[in-house]
Amino acid sequence: MTVILILACLAIAGAELYMARGARQVAARLEKLEAIARLHDQRIRSMTAGGGGTAPPSDRRLATGTAQPGTPGTAQPDADPPHAAQPGSATPGTTAADADPPHTAQPGTASPGTTPVGSASLGAAETAAAETAAELARLTAETTRLRERLGGLEEARTSERRLYARVNGAVESLEQVVGELLRHNVGRLDEAVTRTLGAAPVELDADSATVRGVLCRAAPGSQDPLIRAYERCARDTGLWVRFRLPSAAEPWHARYYLAGKDPRELERDFLALLAGARSPAATGGETAFQGLLRTLGELPAGFAQIGPMVAARVPDALLCGVLTLAETRGFDAEALVGDPAAVAGRLRVLPAERLRDLTMWAPPNGSDPDPDLSAAPQP
């Protein structure tokens with residue numbers, strides 16, 4: 001069941017991350033394409049406003065090489081100067097009509113050696129116009145292609161939004177299923193704890209026996225060292241973690257369901273560990289038990305419960321006790337997560353053989369130094 005819940009949570013987180021990343025990528029690509037399309041539109045408008053498709057009439061006239069009489073800017077052929085009077089060729093009184101008339105230019109003719117004016121500039125203009133038209137056509141085609149691609153991306157984004165909506169609905173449904181499974185599983189585990197604590201020894205086997213545990217750190221900081229010490233102590237005592245349920249409420253705490261040993265046998269084992277708590281550890285179980293108590297003693301406040309064993313850290317003391325089977329059934333550690341002093345008060349009324357004051361393991365002022373894990377005792 002734990003594996004199913006973990007896989008479901010991973011699937012939910014993975015789907016949400018994938019959809020968020022895909023939406024960001026599509027939005028970025030759409031912004032780039034829109035910027036390119038706007039740039040192409042501006043270039044097309046500027047090139048269209050500049051014109052340059054046909055040559056002016058004056059250039060057409062220059063290209064034909066003809067000139068209209070009296071038109072400004074046209075080349076006129078040089079006229080022959082009038083014949084000068086030679087001695088003896090004319091007598092006084094000769095009129096202008098008797099002299100040779102000057103040569104006049106005929107329309108459509110030009111003097112030898114002259115060339116058509118403006119033909120080179122016309123060719124350059126036509127070339128520039130052709131290049132402009134080709135560039136305009138290319139830009140128009142590119143803009144059309146980009147707009148088609150932009151439309152495709154818009155459709156993809158719309159499809160992705162619909163997919164995200166479906167995934168979101170599926171995630172919500174999965175969360176509901178996970179919540180129902182969790183409540184069902186916790187309910188069955190609580191029933192198993194009740195049966196374990198109320199059953200006769202002959203009615204239980206090691207695998208079906210289940211006890212409850214609670215771990216609380218009633219101070220800011222990392223709970224990882226405390227979790228490692230707690231789970232190692234449970235494991236070396238002969239238990240395995242059947243289910244762990246962290247709570248989102250403050251202060252940080254987690255509920256444990258531990259299986260693997262009959263509660264009466266577990267009570268005897270913890271009484272033996274408690275009796276030797278002030279002696280050097282000789283076995284793996286003693287090392288893990290003392291390691292949990294020392295780690296708890298480094299905190300300003302908190303407590304730990306493993307079945308009948310309860311240890312509490314308050315600013316002025318570090319206490320550890322072992323409850324009877326009846327006391328274990330009536331002890332609700334989760335109701336006291338915000339008040340480690342109340343847990344310590346419950347321990348102080350235990351008989352001397354079931355209680356140890358281990359305050360000498362804790363810092364004198366209740367400080368919270370960083371635990372030196374490398375110096376922790378090894379089995």
Point to revise | Arg188 vs. criteria open to solvent by 70 Å² or more (accessible area, probe 1.4 Å), part of a helix (DSSP H, G or I) and modelled with pLDDT of 85 or more | key: no
Practice item. Could you tell me whether any residue of region 130-138 is more than 34 Å from the chain's Cα centre (by Cα), in a strand (DSSP E or B) and either surrounded by fewer than 16 Cβ atoms within 10 Å (Cβ to Cβ) or at pLDDT 80 or above (or both)? Key: no
Check your understanding: Is it fair to say Asp269 is without any contact (Cβ under 8 Å) to a residue 40 or more places away in the chain, more than 29 Å from Glu250 (Cα to Cα) and not basic (Lys, Arg)?
Key -> yes
Check your understanding: So which residues in region 140-157 are more than 16 Å from Glu34 (Cβ to Cβ) and of a type outside the set (Gly, Ala, Ser), if there are any at all?
Key -> Thr140
Study note, to complete from the structure: Looking across region 149-177 at residues that are open to solvent by less than 90 Å² (accessible area, probe 1.4 Å) and modelled with pLDDT under 75, the single one that is farthest from Thr237 (Cα to Cα) is Ser173
Study note, to complete from the structure: Among helices (runs of 4 or more DSSP H) entirely inside region 230-336, those with 3 or more residues being more than 21 Å from Val186 (Cβ to Cβ), touching a Phe, Trp or Tyr at 6+ places or on another chain (Cβ under 9 Å) and not polar (S, T, N, Q) are 263-275, 284-297
Exercise for review: Tell me, yes or no, whether region 204-214 has at least one residue that is at pLDDT below 80, over 48 Å from the mean Cα position of the chain (by Cα), open to solvent by 50 Å² or more (accessible area, probe 1.4 Å) and under 30 Å from Phe270 (Cβ atoms).
Suggested key: yes
Point to revise | Pairs with Cβ under 6 Å, 6+ apart, first in region 342-360 and without any contact (Cβ under 8 Å) to a residue 60 or more places away in the chain and in a loop (DSSP other than H, G, I, E, B), second open to solvent by 30 Å² or more (accessible area, probe 1.4 Å) and small (Gly, Ala, Ser) | key: none
Revision key, fill the gap. Within region 345-355, the count of residues that are open to solvent by less than 30 Å² (accessible area, probe 1.4 Å) and in contact with a Phe, Trp or Tyr (Cβ under 8 Å, 6 or more places away or on another chain) comes to 0
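The values are calculated or read from the model by the stated rules, or taken from the named source; none is laboratory data. Model, not experiment: these values are computed from the prediction. Cβ atoms come from the backbone with ideal geometry, glycine included; neighbour counts cover every protein chain shown. Quick note on the areas: whole protein, heavy atoms, side chains included, nothing else; ligands and nucleic acids left out. Shrake-Rupley method; radii C 1.70, N 1.55, O 1.52, S 1.80 Å.
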